[in-house]
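Below: the structure, in structure tokens.
What follows draws every value from the coordinates through simple rules; no lab data is involved. Treat the numbers as computed from the prediction; the structure is a model and nothing was measured. Quick reminder, even Gly has a Cβ in these numbers, built from the backbone with ideal geometry, and neighbours come from all protein chains shown.
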Amino acid sequence: MDVWRDGSRGNRRRYAIAWPCRAFLRTGIEGGCDREVPADYRFVRPTDLCTTVADGEASIATIEHIMAALRGAEIDNVVVEIDGGEVPVMDGSADAFLRAFDQAGVKSLAASRRYIRIERAVRVEVGNSYAEFRPFNGARVEVEIDFANSLIGRQAIVVDVTPDTFRSDLSRARTFGFLADVEALWARGLCLGASLDNAIVVGDDRVINPEGLRYSDEFVRHKALDAFGDIALAGAPILGSYRSYRGGHRLNVMAVEALMSETDAWSYVEAPAPRRESGYAPLSAGVAAVAFGPEVS
């Protein structure tokens, strides 16, 4: 998988991309026709274990970690070229993507950044789980989890997300699963690439990974990372607070859908801060307060 500056590499043809853009360019499709799939909630397809976007026969799974990294690094204009149906899981976190962005560098562009500003609360509920957007002058994620497993239990975290706090507080938190569940998935021929190198595996009474946890509350931090990546599918950075209780990918996307359907609950605003876009990278300082301009359409 590669990250391109503007949808092109060397002498490859340039693709017509709307501005700003976060999209996946799916190559390697049978018949040789590359297909652009927008990184947009309207292209999300049902999935149990990750977030998947699709357009026709082109689909890309497990996009949540790279979407979180793009939003966390404040990269607005990027095309991710991928020749398979799933974003590499790397180590189960967003850290490898940030390091790729660091390697490629970013370019400031002479254009205002457009945000979605939350004007009033929007909430969705599924059983005992809920998620809601609320007005807040910044980007905040508030996530609470509650697992019967005593090693995880009930954990909560609140992060006001900037490039610095994303890198320090969220980016290295890995996905996790339970040993019994993984063994059942293996028996069904699923998750065959899952290993201690790309996930935290929780046994009955201990974390199986020899190195242990990267954070004492790595489980809830990863859920916050997932949520931040999922809500990045709204189409523009969100100015507001996102809170979830016992949430997951499905609930995160449902919350975005509910928000965008209630057009009086949000507005577009612009800030004079320059946009940035990624350079190219193969994948193997504090932020000042922003003075926002008037609403825009």
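Side notes on the structure shown:
- Surface/4 of the Cα convex hull for region 51-127, nm²: 8.2
- Two-site FRET efficiency, ILE29 against ARG214, from Cβ-Cβ distance with R₀ of 41 Å, rounded to 0.05: 0.65
- Model label zone, ARG154; criterion: amide N under 15 Å from point 7 Å along Cα-to-beta-carbon; scope region 116-146: 128-130, 143-146
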